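Visitor: Below you'll find the structure I mean.
The values are calculated or read from the model by the stated rules, or taken from the named source; none is laboratory data. If you're wondering where the values come from, they're calculated on a predicted model, not measured in any experiment. A quick note on method: Cβ atoms are made from the backbone with ideal geometry, for glycine too, and the neighbour counts reach across all protein chains shown.
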Amino acid sequence: MLNFNRTRTQPRSTRSMSLGGIDYMDPKKKSNVVGKILLAASFTALFILMLKQSPTFNSPSLFSQHEPGVTHVLVTGGAGYIGSHAALRLLKDSHRVTIVDNLSRGNIGAVKVLQELFPEPGRLQFIYADLGDPKAVKKIFSENAFDAVMHFAAVAYVGESTVDPLKYYHNITSNTLIVLEAMAAHGVSTLIYSSTCATYGEPKQMPITEETPQHPINPYGKAKKMAEDIILDFHKNSDMAVMILRYFNVIGSDPEGRLGEAPRPELRVHGRISGACFDAARGIIPGLKVTGTDYKTLDGTCIRDYIDVTDLVDAHVKALEKAKPGKVGIYNVGTGRGRSVNEFVEACKAATRVNIKVDFLPRRPGDYAEVFSDPAKILTELNWTAQHTDLQKSLEVAWRWQKSHRNGYETTLPMASY
């Protein structure tokens, strides 16, 4: 019979032996560990060998190489209201699109809509990054082969700019400089720059032409003009193709209801009048606040030129098509017709069929009485003219999206980060 209770004459060996305060591995245990390491290394080497033999291992990303017949456009701020509509149009026109956005003002839900519409490889990629980070921007340009840049990314509220001007000079002027430097360093030859009629300030004569002197009266307009000046100074010794588009007041949304305007709730106080009208119609806010009723206009309220976002995007596409190396084009993008704030409110009431409550308040700092465009130059040189000029119809289209997206886009999405 075997004795299972016998006592050991030698103590059981331990996992390590202590000599002079230093632990040494038992030789038998050491050989086991070494064997496991060698086995793991063998499997790893085999896996890498198999991966390298895969046809896709050494294939560069479609976004990292130029492809004949395909224009790869970097759309900065492409998760925002205007940028997302521009990305949609570019994708519909068979361009390759990279969106870069830090989502401080944009909506990841808009990107998801675009990805669902264009899921094919090499069509659309989204990169989460801040253009104020030079290292991130350099990495983006070094890893992607861009043919053109549509630079939309910017904070864009006149009222907010008067409260926090430094934010606007950093976000607009400084960030544009960083993008321009990256374009120059990586040979990206075409820039379509998103500017604004706010660079003109309050001109003495209407309508505004591209030759109207630029005397901005708020930090938003000043920051944009500084960015324009940087671009124009750089271009004097460059073969880059540059198109600067000065927008008037943007309204509307995608006619097929895929995209719309969904500002963050905390930004509503600074937002566009269309967003405020819709919020009032939906009961999100108790009423619409109209600032300034004593301007020298027919009804005392400000006069603006309202351009539908679909038309605005079309102007960008035509600018991209007409851009020429070594040339600069500067264009006003508007309808050529001014509408008062009172007219706008009445059109919004008709579009929403809601009797919106209106509160009249004193003037807001940084506003100007009357601004509308002369779009003759862009018609002559780019063959562009606004097609969606019925104010009420544009608001009806936007209102349909608002009603079907009561909580905005409300979604999350995995993203590349730089």
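Visitor: Filter the stretch 358-387 down to the residues that are in a loop (DSSP other than H, G, I, E, B) and modelled with pLDDT under 95 and list them by number. Step through it out loud before you land on a result.
Guide: Pass one, the stretch 358-387, residues in a loop (DSSP other than H, G, I, E, B): 362-369, 371-372, 374-375, 383-387.
Hits for the stretch 358-387 are Pro362, Arg363, Arg364, Pro365, Gly366, Asp367, Tyr368, Ala369, Val371.
Visitor: Oh, and also: Can you name the residue in the stretch 375-408 that is of a type in the set (Ser, Thr, Tyr) and surrounded by fewer than 20 Cβ atoms within 10 Å (Cβ to Cβ) and, of all such residues, is nearest to the chain's Cα centre (by Cα)?
Guide: Among those residues, the one meeting the criterion is Ser404.
Visitor: How about the stretch 161-174: which of its residues are touching a residue at least 60 places away in the same chain (Cβ under 8 Å) and surrounded by fewer than 20 Cβ atoms within 10 Å (Cβ to Cβ)?
Guide: Thr162
Visitor: Could you tell me whether the stretch 185-204 includes any residue that is in contact (Cβ under 8 Å) with a residue 24 or more places away in the chain, within 19 Å of the chain's Cα centre (by Cα) and more than 28 Å from Leu267 (Cβ to Cβ)?
Guide: Within the stretch 185-204, one or more residues are in contact (Cβ under 8 Å) with a residue 24 or more places away in the chain, within 19 Å of the chain's Cα centre (by Cα) and more than 28 Å from Leu267 (Cβ to Cβ).
Visitor: Any idea which of (1) touching a Pro at 6+ places or on another chain (Cβ under 9 Å); (2) touching a residue at least 24 places away in the same chain (Cβ under 8 Å) is the one Leu298 doesn't satisfy?
Guide: (1)
Visitor: Over 19 Å from Ala315 (Cα atoms), of a type in the set (A, V, I, L, M) and in a helix (DSSP H, G or I): does that describe Ile217? Full working, then the answer.
Guide: Values: over 19 Å from Ala315 (Cα atoms): yes; of a type in the set (A, V, I, L, M): yes; in a helix (DSSP H, G or I): no.
Criteria not met by Ile217.
Visitor: Any idea how many residues of the stretch 342-383 are within 19 Å of Val158 (Cβ to Cβ), among the hydrophobic types (A, V, I, L, M, F, W, C) and in contact with a Phe, Trp or Tyr (Cβ under 6 Å, 6 or more places away or on another chain)?
Guide: Residues flagged as within 19 Å of Val158 (Cβ to Cβ), among the hydrophobic types (A, V, I, L, M, F, W, C) and in contact with a Phe, Trp or Tyr (Cβ under 6 Å, 6 or more places away or on another chain) within the stretch 342-383 amount to 1.
Visitor: What is the residue count in the stretch 110-139 for residues that are small (Gly, Ala, Ser) and surrounded by fewer than 17 Cβ atoms within 10 Å (Cβ to Cβ)?
Guide: 2
Visitor: Before we move on, is Ala315 free of Cβ contacts under 8 Å to residues at least 60 places away in the same chain and assigned to a helix (DSSP H, G or I)?
Guide: When the stated conditions are applied, Ala315 does not pass them.
Visitor: Filter the stretch 223-250 down to residues that are in contact (Cβ under 8 Å) with a residue 24 or more places away in the chain and among the basic types (Lys, Arg) and give me whichever is surrounded by the most Cβ atoms within 10 Å (Cβ to Cβ).
Guide: Looking at residues that are in contact (Cβ under 8 Å) with a residue 24 or more places away in the chain and among the basic types (Lys, Arg), I get Lys224.
Visitor: Go through the stretch 339-357 and count every residue that is part of a loop (DSSP other than H, G, I, E, B) and either within 28 Å of the chain's Cα centre (by Cα) or basic (Lys, Arg) (or both). It would help to see each step written out before you state the result.
Guide: To start, the set of residues in the stretch 339-357 that are part of a loop (DSSP other than H, G, I, E, B) comprises 353-357.
Right, trim to either within 28 Å of the chain's Cα centre (by Cα) or basic (Lys, Arg) (or both) and you get 353, 357.
Residues meeting the conditions: 2.
Visitor: So which pairs qualify, if the first residue must be in the stretch 76-95 and under 19 Å from Arg272 (Cβ atoms) and free of Cβ contacts under 8 Å to residues at least 60 places away in the same chain, the second must be surrounded by 24 or more Cβ atoms within 10 Å (Cβ to Cβ) and not small (Gly, Ala, Ser), the Cβ gap must be under 7 Å, and the two must be at least 6 apart or on different chains?
Guide: Sorted first by the residue in the stretch 76-95, then by its partner, the pairs are Ala79/Ile99; Ala79/Asp101; Ala79/Asn107; Ala79/Val111.
Visitor: Among the residues of the stretch 101-135, write down those that are part of a loop (DSSP other than H, G, I, E, B) and of a type outside the set (Gly, Ala, Ser). Walk me through it before giving the result.
Guide: Step one: of the stretch 101-135, the residues part of a loop (DSSP other than H, G, I, E, B) are 102-107, 118-123, 129-133.
Asn102, Leu103, Arg105, Asn107, Phe118, Pro119, Glu120, Pro121, Arg123, Asp130, Leu131, Asp133, listed by residue number.
Visitor: Name, by its number, the condition in (1) among the small types (Gly, Ala, Ser); (2) modelled with pLDDT of 95 or more; (3) not in a loop (DSSP other than H, G, I, E, B) that does not hold for Gly159.
Guide: For Gly159, the exception is condition (2).
Per-residue answers, yes or no, for (1) touching a residue at least 40 places away in the same chain (Cβ under 8 Å); (2) polar (S, T, N, Q); (3) out of contact with any strand residue (DSSP E or B) (no Cβ under 9 Å at 6 or more places or on another chain):
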{"position": "Lys324", "(1), (2), (3)": "yes, no, no"}
{"position": "Ile330", "(1), (2), (3)": "yes, no, no"}
{"position": "Gly338", "(1), (2), (3)": "yes, no, no"}
{"position": "Ala350", "(1), (2), (3)": "yes, no, yes"}
{"position": "Phe360", "(1), (2), (3)": "yes, no, no"}
{"position": "Ser373", "(1), (2), (3)": "yes, yes, no"}
{"position": "Trp384", "(1), (2), (3)": "yes, no, no"}
{"position": "Arg400", "(1), (2), (3)": "yes, no, yes"}
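Visitor: Which pairs have Cβ atoms under 8 Å, sit 6 or more apart or on different chains, and link a residue in the stretch 387-398 that is more than 18 Å from Ala315 (Cα to Cα) to one that is buried (at least 17 other Cβ atoms within 10 Å of the Cβ) and among the hydroxyl-bearing types (Ser, Thr, Tyr)?
Guide: Leu391/Tyr306; Leu395/Ser274; Leu395/Thr352; Val397/Ser253; Ala398/Ser253; Ala398/Ser274
Visitor: Let me ask another. Being polar (S, T, N, Q) and either assigned to a loop (DSSP other than H, G, I, E, B) or surrounded by fewer than 21 Cβ atoms within 10 Å (Cβ to Cβ) (or both) is the filter here, so list the residues in the stretch 175-201 that pass it.
Guide: First, the residues of the stretch 175-201 that are polar (S, T, N, Q): 175-176, 189-190, 194-196, 199.
The one that is polar (S, T, N, Q) and either assigned to a loop (DSSP other than H, G, I, E, B) or surrounded by fewer than 21 Cβ atoms within 10 Å (Cβ to Cβ) (or both): Ser189.
Visitor: Still on this structure, please answer the following. Could you pull out the residue among Gly271, Gly292, Gly283 that is in contact (Cβ under 8 Å) with a residue 24 or more places away in the chain, surrounded by fewer than 22 Cβ atoms within 10 Å (Cβ to Cβ) and at positive phi?
Guide: Gly292
Visitor: What is the one condition in (1) modelled with pLDDT of 95 or more; (2) touching an Asp or Glu at 6+ places or on another chain (Cβ under 9 Å) that Val313 does not satisfy?
Guide: Going through the list (1) modelled with pLDDT of 95 or more; (2) touching an Asp or Glu at 6+ places or on another chain (Cβ under 9 Å), Val313 breaks only (2).
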